[in-house]
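Read the structure below first, then the notes.
Here, each number is a calculation from the coordinates, and none is a lab measurement. All figures in this text were calculated on a predicted structure; none of them were measured in a lab. Cβ atoms come from the backbone with ideal geometry, glycine included; neighbour counts cover every protein chain shown.
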Amino acid sequence: MPHPDDLAALKAERDAADRAYNEALTRLDRAIQRLPPSFPEPPPAPDEHQITSLNTLWKIDIAKVPAGVRGTIATAVRRMVAPLFEQQQAFNSAVVDHLNRNVPVGRETRAAVDSTLTVLRDTIAELVNFQSVLVVYLQHITPYVDTKDRDVAGLLRGLSAAINSVADEVLKRSEAMSARDRRHEARVAALEFELAALRARIEELTQTVDAHRSSTT
């Protein structure tokens, strides 16, 4: 980690972090999912075109036996083929019943698939939108941080200017006090010089008075 006072190293570290962030943001942007251009469609509805006919035609209608010899022959033949007709009719009944049971199942299956595809399509669209919004949000982080940095830098500059102003004022006051002290010292020195001269003058006058007294006695 660079030393806090090493501005060049701090700038290089910040530039490297910005490059890494921008590269990661680019990779994230490229990884956004896309809604498939040809989204699957639900299967077609079950074919019910022949259901009505099957429900009508499944039963084998046997014509009435005519009278006479022909009726006797027809009755004999009918006894022989009756098991086949019964088996065919049972088969027809089972097929029609199976188809009738599967028609609503087919309808519900198609409706469920259609609903599932709609939810899936909407979910993917919402996910794509969320990813796009996330990338846009992340793209605004760097300018936001830079703005905060500029705000902090502006505050620091303002604080530095205030500190410099206070320092200048203190320096001016200190210089004024120093000048006043020097003037005071000069006046004191002048007074001391005058006092010394006055003492010398008084001493001189005292000696003159004493000499005059001695000469008169």
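Laid out as a table, the results:
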read-out	value
Using a Förster distance of 25 Å, the FRET efficiency for Val135-Ala9 (Cβ separation, nearest 0.05)	0.20
Segments 202-209, 110-117 sorted - mean Cβ within 10 Å per residue, highest first	110-117, 202-209
